Amino acid sequence: DYNNVPNSQDGGFDAPGAGMRKPDGTFLNLGLSTMFWSSSSSSPADAYSRRIDVSTPVVTRAAGNKSSGFSIRCVKD
């Protein structure tokens, strides 16, 4: 149950380990990390993403295939 994975709230943001869906439809890293899309493309086929692991406070940046399924964060103005 990835909704119950503990996460550091030192920065005021909680990101449970939702994992990701690969372009072939398989899922990876449920309970371990969350990948978030950014609004920036790195190429016609890829966009930048941010990865947050539940076991470390580090956020990494990578390019992901736009056919992948990553999480999004909605922010209310």
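The values are calculated or read from the model by the stated rules, or taken from the named source; none is laboratory data. Source: prediction; values computed, not measured. Note that each Cβ is placed from the backbone with ideal geometry, even for glycine, and that neighbours are counted across all protein chains shown.
Here the stretch 43-77 is the region considered, the condition is being outside any loop (DSSP other than H, G, I, E, B) and among the acidic types (D, E), and the residue that is farthest from F27 (Cα to Cα) is D46. The residues of the stretch 13-47 that are farther than 17 Å from N65 by Cβ and in contact with a Leu (Cβ under 6 Å, 6 or more places away or on another chain) amount to a single one, G17. Taken over the stretch 36-48, the criterion of being modelled with pLDDT under 90 and under 19 Å from R21 (Cβ atoms) is satisfied by S38 alone.
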